[in-house]
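Here, each number is a calculation from the coordinates, and none is a lab measurement. This is a predicted model, so every value here is computed, not measured. Virtual Cβ from ideal backbone geometry, glycine too; neighbours counted across all protein chains shown.
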Amino acid sequence: MEFFIQDEQAMLELGNRISKSLHRGDLVLLEGHLGAGKTTLVRGILHGLGWKEPVRSPTYNLFAPYDTDPPVLHADFYRISDAQGTGIEDYFDSHVCLVEWPDALRSLVDLTLSSKVEITTEGTGRRVRLSNILL
Amino acid sequence: MSLVLAIESSCDETSAAVVSGRQVLSNIVATQIEMHQKWGGVVPEAAARAHVEAILPVIQEALSTAQVNLDQLDAIAVTNRPGLVGALSVGVTAAQALAFAHNKPLIGVDHLEGHLLAILSLPDELRFPCISLLVSGGHSELVLIREIGSYELLGQTRDDAAGEAYDKGARLLGLGYPGGKQISEQAVAGNPRRYDLPRGLAKERYDMSFSGLKTAVLRLVEAEGPKISVPDAAASLQAAINDALIKRLRNAVEDHDPASIALCGGVAANPDLRARVQKLAEQNGFPAYIPHFALCTDNAAMIGLAAVARLHGGTTSADRNLQVHPNSSLFS
């Protein structure tokens, strides 16, 4: 499924729609370059699950868990080339795991089977492609 | 004078230091930046292993540089919160073993309190309340220090940290790591008004936002193509980040009438930000406390200084069963 996203508000709304289809144990890979809007989409998803507080970048801490329903783990492997040893596996069953820069997960899971969101720039807007996500 | 050995391993750096009262006798840091550059990213198991390999030599060097032996110490201090769990555990385990073996009190210190209290290394008689701006790769916090041990979080970033904005901005401009240093060096020859970059959350008095800068710099790079002036872009990015920080600091000064201001965390290395904090203090007729750069990046001396303050305050226990708290907050 593909969407053209005009602006930040539309990206938040798409996140809100995606949030309704997520369950514990889901792993969603978020792909796109710096500034593409990955964290904005995560913010939309968390807002959709009722989270009202800020959603800070997990780049330096790697993980940010949220006690929403279902609970969400926002992970970011920008600084990391291999996720082995981070302990992310502990969240796989209990949380919806939203992972930015997911290449580092290759040694842990078969990424070809995972749900995926790919964001690319198109002018001032964004093209968002969803795989293995049913809205 | 309390003599303390301090250990810090909450993130990328392995560090040990000896402090005597407010005097830093040694401050040794084994950095992993070279390793990260080579691999283009941290490998956590390798990072934890690097902490394990570095920690004993770093402690040895801290003691020998200070010409202190373990039996002379009054206490051992270690960062036990917040941070990466594996990294924190290495320092805490080493500190615990030394404390048991040499029968010394063990003091767990919050990493952020360490950053805030790095100002104790300055010779000044510190005046409180103090408004401190803590800015690093993982933090952008505006803190009211009423006195040592009493901290109120006034505001913070709602998305990216200021240091992260420097690093990612540098990456988008094709500059190397660490990004903050690259940007400030390029900015010296640049025009900060050449490119118009956003000041996020301009209406907020204390809270900040830097994530919009990534998209703005990306758009700038795409629009200008090869004719972009990297020095002008670096200067414009630096102005956008530092304007936002100084504005929040000024707001806090207006609202809280402090006796001093302070700048700490790795972004305190930025010469433009240092100069602007100094200027703000001069305009208000109070001092600006900016620790030496070695005490602004992650280091163990700041942990030792915070521990000494705790010892003097009498709020320490002899409990050596220190827990690691990866997600704890100084302000809750």
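Projecting label points 7 angstrom from Cα along Cα→Cβ for B:Ala97 and A:Ser107 puts them 2.4 nm apart. Scalar couplings 3J(HN,Hα) for the stretch B:243-250, obtained by applying the Karplus form with A = 6.51, B = -1.76, C = 1.60 to θ = phi - 60°, are 4, 5, 5, 5, 4, 5, 4, 5 Hz; x denotes Gly and Pro. Once backbone amide H atoms are built at 1.01 Å from N, B:Ser328 has B:Gly83 as its partners under 5 Å, excluding neighbours fewer than 5 places away on the same chain.
From the alpha carbon centroid of the stretch B:263-332 to that of the stretch B:132-171 is 12 Å. Label the stretch A:1-100 by shape, choosing from rounded, prolate and oblate, from the square roots a ≥ b ≥ c of the eigenvalues of the Cα gyration tensor; if a/c is under 1.5 it is rounded, and otherwise prolate applies when a/b is larger than b/c, oblate when it is not. It is oblate, given that a/c is not under 1.5 and a/b is not larger than b/c. With axes computed from alpha carbons, what is the tilt in degrees of helix B:44-66 against the longest principal axis of chain B, rounded to the nearest 10 within 0 to 90? Long axis of B:44-66 versus the principal axis of chain B: about 60 degrees. For the stretch B:131-148, putting each phi into the Karplus relation 6.51 cos²θ - 1.76 cosθ + 1.60 with θ = phi - 60° gives couplings of 9, 10, 9, 9, 10, 8, x, x, 9, 9, 10, 10, 10, 8, 9, 6, 7, 4 Hz, in residue order, rounded to whole numbers and with x for Gly and Pro.
What the phi angles of the stretch B:296-313 give under the Karplus curve with 6.51, -1.76 and 1.60, with θ = phi - 60°, is a coupling list of 9, 6, 4, 7, 8, 4, 5, 5, x, 5, 5, 5, 4, 4, 5, 4, 5, x Hz, glycine and proline written as x. Note on B:Lys181: aspartates and glutamates with a C-alpha under 12 Å away, same-chain residues under 8 apart excluded, are B:Asp167, B:Asp272. Here the Gaussian network model covers chain B, with springs between Cα atoms less than 10 Å apart; of B:Leu122, B:Leu273, B:Leu134, B:Leu122 fluctuates the most. Note on A:Glu2 and B:Glu185: the model spin-label points, each 7 Å out from Cα along the C-beta direction, lie 4.3 nm apart.
Straight-distance candidates among the lysines for linking to A:Lys52, with alpha-carbon spacing under 23 Å and chain neighbours fewer than 8 residues away dropped: A:Lys20, A:Lys38, B:Lys203. Of the GluC sites (Glu not before Pro) found in the stretch B:101-157, those in coil by DSSP whose Cβ has at most 11 other Cβ atoms within 10 Å are B:Glu125.
Computed from label points 7 Å out along Cα-Cβ, the spacing between B:Glu254 and B:Asp74 is 4.3 nm. For a straight C-alpha distance cut-off of 18 angstrom, the lysines reachable from B:Lys279 (same-chain residues fewer than eight places away being disregarded) are B:Lys247. Taking a point 7 Å from the Cα of B:Val221 along the Cα-to-Cβ direction, the residues of the stretch B:152-175 with backbone N closer than 20 Å to it are B:160-175. Fully extending the segment from B:Phe293 to B:Leu56 would add 82.9 nm, taking 0.36 nm per residue of separation and subtracting the current Cα-Cα distance.
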